[in-house]
């Protein structure tokens, strides 16, 4: 007999999360707003612009810095100083 240690999906806590969703009518592409590196990203599936929306998703616990803040600090460090 097999007993899985994974929790069933209904045990994961969820919350309303800000996302980017594709503006094109037939496309179902979306991404979490906290994981996008652009101010207004394009859809990876159809290359259309994306719009902000909300979606109920499982909570993700980020162990490090905010990704956008980390990328911005890397850009500042890598720019040549005068």
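The values are calculated or read from the model by the stated rules, or taken from the named source; none is laboratory data. Just so it is clear, the model here is predicted, and its values are computed rather than measured. Note that we place each Cβ from the backbone using ideal geometry, even for glycine, and neighbour counts take in every protein chain shown.
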Evaluate the following for residue 68: is it modelled with pLDDT under 95 and loosely packed, with under 10 Cβ neighbours inside 10 Å? no
Checking the condition surrounded by 10 or more Cβ atoms within 10 Å (Cβ to Cβ), modelled with pLDDT under 95, on the phi < 0 side of the Ramachandran plot and touching a strand residue (DSSP E or B) at 6+ places or on another chain (Cβ under 8 Å), which residue from 41, 13 passes? 41
